[in-house]
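Structure first, then comments.
Bear in mind that the values in this text are calculations on the coordinates, not laboratory data. Note that the structure is a prediction, hence the values are computed from the model and not measured. Cβ: placed from backbone, ideal geometry, glycine included. Neighbour counts: every protein chain shown.
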Amino acid sequence: MERGVSDKNILDKFAEDFCSIVDKYVKYIVVSGFVAISHGRKRTTEDIDMIIERISFEKFRDLHEELDKAGFECMQSSDPKVIYNDYLKDNISVRYSRKGGDFLPPEMEIKFVKDELDELQMKTRKKLPFTGLDIWFSSIEFNVAFKEELLKSDKDLEDARHFRIIYKDKIDNNFIEEIKRKIRKLRLNER
């Protein structure tokens, strides 16, 4: 079952508009709460989390300029040098929203790939037909693993349960366990 075009909301439109520009410049994935929302889970979020590959300043500048022309603005700065050098390069996320909205939601939170776990997420990214959106998402297995092993809030655990129900016959539990081991090693510093 897929969501229909008429089911799209402001958050979906914002995400597709933003992602269509980013996709021209760099590989990306949308992760976390919006993935659950796009699968019909009723919950709120003020931002959409995006991870992008590391790119040169010049490429980022071009991306930023196109986002600006399309009506998006960065909350941290309008100067691409500041955004790149003072934030992204140092693994600090930045947020974009629509211009004229006084930084009201929705917002896109962007950060660079930071380790081999993010690189693996990028390699296993998927377009998920169930959502009806033309967006690259991290795999369902990655979403479940992060929510169950790292994030663990009530909201995240409910998201993971939601994914396990929707994808019960398609989910690769062995891959989830492999990801959880990597999370423990790389993010929780367990041996």
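What is the set of long-range amide H partners of Glu107 at a cut-off below 5 Å, with H atoms built 1.01 Å from backbone N?
Amide H neighbours of Glu107, under 5 Å, 5+ apart: Asp47, Ile48.
Counting helices only, and only those DSSP H runs with n ≥ 4, report the 222 nm mean residue ellipticity of the chain as the sum of -39,500 (n - 2.57) divided by its residues, in deg cm²/dmol to the nearest 500.
Result for the chain: -11000 deg cm²/dmol, rounded to the nearest 500.
Considering amide H positions built from the backbone, and no H for Pro or chain starts, which residues 5 or more places from Gly132, or on another chain, come under 5 Å of its amide H?
Placed amide hydrogens put Arg3 under 5 Å from Gly132.
Could you go through segment 175-191 in sequence order and give the Karplus-derived ³J(HN,Hα) for each residue, using 6.51 cos²θ - 1.76 cosθ + 1.60 with θ = phi - 60°, rounded to whole Hz, and x for Gly and Pro?
Couplings: 5, 4, 5, 4, 5, 4, 4, 5, 4, 4, 6, 8, 10, 9, 6, 8, 8 Hz.
For segment 72-78, what does the Karplus curve 6.51 cos²θ - 1.76 cosθ + 1.60, with θ = phi - 60°, yield as ³J(HN,Hα) per residue in whole Hz, taken in order and with x for Gly and Pro?
3J(HN,Hα) across segment 72-78, in whole Hz: 10, 9, 7, 6, 7, 5, 9.
In this model, which of Lys27/Lys185; Lys42/Lys185; Lys8/Lys123; Lys99/Lys152; Lys69/Lys170 are farther than 29 Å apart at the alpha-carbon?
Listed pairs above 29 Å: Lys42/Lys185; Lys99/Lys152; Lys69/Lys170.
Just check segment 33-191 against the gyration tensor rule for me: Cα atoms, a ≥ b ≥ c as the square roots of the eigenvalues, rounded for a/c under 1.5, and otherwise prolate or oblate depending on whether a/b exceeds b/c.
Prolate, because a/c is 1.5 or more and a/b exceeds b/c.
Spelling out what I want: for every residue of segment 11-20, take phi, set θ = phi - 60°, compute 6.51 cos²θ - 1.76 cosθ + 1.60 (Karplus), and round to whole Hz; glycine and proline get x.
5, 4, 4, 4, 4, 5, 4, 5, 5, 5
Among Lys99, Lys123, which comes first, second and so on when ranked by fewest other beta-carbon atoms within 10 Å?
If I rank by nearby Cβ atoms, fewest first, I get Lys123, Lys99.
Between the alpha-carbon centers of segment 138-191 and segment 79-131, tell me the distance in whole angstrom.
Their Cα centres are 21 Å away from one another.
Picking from Val26, Val144, Val35, which is most flexible by a Gaussian network model of the chain using Cα springs under 10 Å?
In the Gaussian network model the winner is Val26.
For the chain, what relative contact order do you get, as a whole percent, if you take Cα pairs closer than 8 Å and at least 6 residues apart?
Taking the mean separation of contacting Cα pairs over the length of the chain, I get 23 percent.
Once fully extended, how much extra length lies between Lys99 and Thr124, figured as 0.36 nm per residue of separation less the alpha-carbon to alpha-carbon distance?
5.7 nm
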